[in-house]
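Following: one structure in structure tokens, then a few remarks.
The values are calculated or read from the model by the stated rules, or taken from the named source; none is laboratory data. Not measured: the values here are computed from a predicted model. Heads up, the Cβs are rebuilt from the backbone with ideal geometry, glycines too, and the neighbour counts pull from every protein chain shown. Ligands, DNA and RNA are stripped out before the accessible areas are found, and what is left, the full protein with its side chains, is counted by its heavy atoms. Shrake-Rupley method; radii C 1.70, N 1.55, O 1.52, S 1.80 Å.
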Amino acid sequence: MSQQKRASKAKTADSTGASKEPKTVYEDALHTYYLTRPFDRAYEGHGLDGMSAVDKQGWITQQSAQPGVIEELSKKTQKEILKQVSDLGIPVRRAHIKPTPDQWGKDKHGRNIGDYTLEERNVRFTKQSKLRKLTSASDRFRNRRDLVLSGLVDGNTGEPFTLEDGAVEKERVRRKEMAALKDDLYGEKRNSYSMDPDWDDVVPIPQSEPEGALAAISYPEDYAESMSYLRAVMAAQEYSPRCLKLTEDIIFMNPAHYTVWLYRFSIVQALKISILEELAWLNNVALEHLKNYQIWHHRQLLIDHYYPSIADAPDDIKILANSERDFLMQMFAEDAKNYHVWSYRQYIVHKLSMWDQVELQSIEGMIDEDVRNNSAWSHRFFLVFSNPSYATEDSHSTEHDPKVPAEIIDREIRYAQEKIKLAPQNQSPWNYLRGVLVKGGRKLGSVKGYVEEYVKDLGEESEAVRSSHALDQLADTYKEAGDKEKADLCLRRLGEKWDRIRQGYWEYRRQTLEV
């Protein structure tokens with residue numbers, strides 16, 4: 001090689017910056033680009049006029065040797081240029097497009113892949129290669145299973161196509177790996193149903209939104225996909241274990257979905273699933289979603305469905321009653337005034353005839369724990385005055401029931417009075433006391449002496465009122481007895497001092513005394 005050519009090569013190496021070690025994907029691609037086009041860096045740095053004679057000649061030769069250019073030259077010129085290419089060490093195969101920093105796109109975090117280190121690129125390439133292999137294996141599984149489902153015969157063996165033992169489970173694992181890789185590489189989320197081979201036979205029915213809808217609902221991807229599978233199996237009237245699991249998943253995402261609950265109950269009926277097992281599952285759901293109505297409607301459907309099978313077995317009914325009571329107490333430990341739970345408690349008392357001392361003691365315990373729990377007071381009233389063993393059927397809560405024994409009325413009066421002493425300003429036992437008197441057909445005046453214990457020297461300077469509710473009841477007691485003057489005094493003092501926030505109401509009550 002001549003001295004001039006050796007000098008040219010040395011100079012080219014310096015001008016391309018070949019000694020700089022690339023650290024990123026973009027730098028590596030740029031490095032490779034300049035290695036295949038050794039005179040471009042000098043051209044970009046100095047322009048044609050600023051290049052040395054050797055580099056200028058090299059760049060012209062490099063450009064002339066490009067595909068689409070060299071073919072237009074004469075054969076003799078082509079040979080000369082190719083000889084110069086060889087002498088200058090210009091690679092025959094060259095990159096024709098200069099890389100840009102963003103040509104590889106971005107990863108799921110929005111980071112340019114061109115900014116990846118070479119080690120990060122290699123890790124990403126390894127994952128992509130693994131995903132391609134898994135996808136290929138999954139495609140083979142699908143094709144094989146389609147042959148199995150078609151009932152076709154293998155031409156080589158003369159036997160119907162079959163799947164290897166464990167093939168479905170292997171595919172399930174494979175799809176989980178694929179889903180994880182797609183999420184890791186591209187941020188693509190895949191619901192378990194689309195990745196589960198057990199659901200490959202179901203064609204999902206997506207949500208249909210009117211064209212140009214002003215407020216189309218934007219569902220989370222996993223919920224929207226699960227619902228699309230639910231529509232499909234409901235349309236096909238399928239009642240199977242996989243559908244039961246589907247309802248469980250949707251309920252986990254949206255426990256207020258009424259239609260899903262109804263479909264789940266239909267599945268329970270069709271598959272003859274153990275009601276006690278379903279109740280055990282429902283217990284956990286209820287504890288997770290305290291304020292959900294659909295849970296309690298589903299529970300009531302289950303009990304209605306199960307009850308005929310134990311109607312003639314008192315011991316089984318007792319076991320179920322105790323179990324339900326225990327669970328309800330768990331719920332009340334979370335929220336002692338949960339309306340849905342109290343409504344269900346009335347239902348279950350009726351259904352299982354839980355008019356016993358155990359239920360009454362359970363309620364007494366809740367009132368002892370919180371004497372202001374009006375829900376517990378209401379349930380006690382229901383329990384005492386709806387008991388079919390002595391109460392009139394369908395007797396209204398605000399009407400006299402002559403069938404209720406006097407000793408029960410006396411007991412409940414004493415109970416209310418005992419609780420009033422604990423917290424005289426608590427309205428719940430005062431209301432309960434009034435209700436008991438109505439049920440017993442007794443006048444308010446029958447407890448006048450007790451009520452007056454909470455009101456002293458009314459209208460005097462030494463006036464003392466321990467309970468505004470007592471003063472309110474005294475007003476009605478005096479009105480009942482025809483003493484409007486004392487009734488008016490009670491109402492006036494309530495508005496003036498003891499319950500001024502409702503002064504307008506007490507003035508209205510005073511006016512009604514004249515009617």
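With each label point set 7 Å from Cα along the Cα-Cβ vector, what nm distance links Q361 and H297?
Each label point lies 7 Å from its Cα, and together they span 3.7 nm.
Take the Cα gyration tensor of region 310-449, multiply each eigenvalue by 5, square-root it, and list the three semi-axes largest first, rounded to whole angstrom.
Details: eigenvalues 138, 76, 26 Å².
Each semi-axis is the square root of five times an eigenvalue, giving 26, 20, 11 Å.
Just grab the label-to-label distance for Y450 and A423, each label 7 Å out from Cα along the Cβ direction, in nm (one decimal).
1.9
Assuming R0 = 51 Å, can you tell me the calculated FRET efficiency for the pair W281 and K403, based on Cβ-Cβ distance, to the nearest 0.05?
Working: r = 42 Å, r/R0 = 0.82.
The formula returns an efficiency of 0.75 here.
When each pair of different Cα atoms in region 91-166 is counted once in the 1/r mean, what is the Kirkwood radius in angstroms, to one decimal?
Hydrodynamic radius (Kirkwood, Cα pairs) of region 91-166 is 16.8 Å.
Expressed as a rounded percentage, what relative contact order does the chain have, with Cα pairs under 8 Å and six or more residues apart?
Details: 480 pairs, mean separation 28.5, N = 515.
It rounds to 6 percent for the chain.
Tell me which of S468, L489, V447 sits at the most positive position along the dipole axis of region 447-515, charges placed on C-beta atoms (Lys, Arg +1; Asp, Glu -1).
Value: S468.
I90: accessible area at probe 1.4 Å, nearest 10 Å²?
10
If each residue of separation counts as 0.36 nm, what is the full-extension length gain between D457 and V168 once their alpha-carbon separation is subtracted?
Values: separation 289, 0.36 × 289 = 104.04 nm, distance 8.68 nm.
Result: 95.4 nm gained on full extension.
Which entries in K20/K106; K98/K182; K351/K421; K337/K456; K23/K76; K182/K291 show an alpha-carbon gap greater than 32 Å?
K351/K421; K337/K456; K23/K76; K182/K291
If ligands, DNA and RNA are left out, what is the accessible area of F382 with a 1.4 Å probe, given in Å² to the nearest 10?
Approximately 20 Å² of F382 is accessible to the 1.4 Å probe.
Run the accessible area of region 447-515 with a 1.4 Å probe and give the carbon-and-sulfur part as a rounded percent.
The computed percentage sits at 44.
Using R₀ = 45 Å, calculate the FRET efficiency as 1/(1 + (r/R₀)^6) where r is the Cβ-Cβ separation of D154 and E177; round to 0.05.
Working: r = 29 Å, r/R0 = 0.64.
My answer for the efficiency is 0.95.
Counting only protein heavy atoms, what percent of the accessible surface of region 197-302 is carbon or sulfur at a 1.4 Å probe?
Reported share for carbon and sulfur atoms: 56 percent.
If you count only protein heavy atoms with a 1.4 Å probe, what accessible area per residue comes out for the chain, rounded to a whole Å²?
Details: 29410 Å² over 515 residues.
Accessible area per residue: 57 Å².
So if each residue of separation counts as 0.36 nm, and I subtract the Cα-Cα distance between S218 and S395, what length gain in nm does that give? Intermediate values should be presented prior to the final figure.
On the way: separation 177, 0.36 × 177 = 63.72 nm, distance 4.99 nm.
In short, 58.7 nm is gained.
Where Rh is the Kirkwood radius over the Cα pairs of region 151-293, the temperature 37 °C and the viscosity 0.692 mPa s, what D in µm²/s does Stokes-Einstein return?
Translational D for this selection: 183 µm²/s.
Taking the alpha-carbon centroid of each part, what is the distance from region 322-347 to region 125-196 in angstrom?
Centre-to-centre (Cα) distance: 48 Å.
In angstroms, what radius of gyration and Dmax does the chain have, counting Cα atoms only?
Looking at the chain, its Cα Rg and Dmax stand at 43.1, 136 Å.
Say the dipole of the chain comes from +1 at the beta carbon of Lys and Arg and -1 at that of Asp and Glu; which of Q346, Y293, G110 then lies farthest toward its positive end?
G110
Quick one: pull the percentage of alpha-carbon pairs in region 447-515 with a separation above 21 Å.
Values: 360 of 2346 pairs.
Value for region 447-515 (Cα pairs over 21 Å): 15 percent.
Extension gain E209-D304, at 0.36 nm per residue separation less the Cα-Cα distance, in nm?
Roughly 30.5 nm would be gained on extension.
Given a 1.4 Å probe and every protein chain left where it sits, what share in percent of the accessible area of region 118-188 is carbon and sulfur?
Carbon and sulfur atoms account for 52 percent of the accessible area of region 118-188.
Between R411 and R466, what's the calculated FRET efficiency when r is the beta-carbon distance and R0 is 35 Å? Round to 0.05. If you can, show how the numbers build up before the last one.
Numbers: r = 24 Å, r/R0 = 0.70.
Working from the Cβ atoms, E equals 0.90.
Defining a contact as two alpha carbons under 8 Å apart and six or more residues distant in sequence, what relative contact order in percent does region 363-474 show?
Relative contact order for region 363-474 comes out at 22 percent.
Rounded to the nearest 20 Debye, what is the dipole magnitude of the chain about its Cα centre when Lys and Arg each give +1 and Asp and Glu each give -1 at the C-beta?
2840
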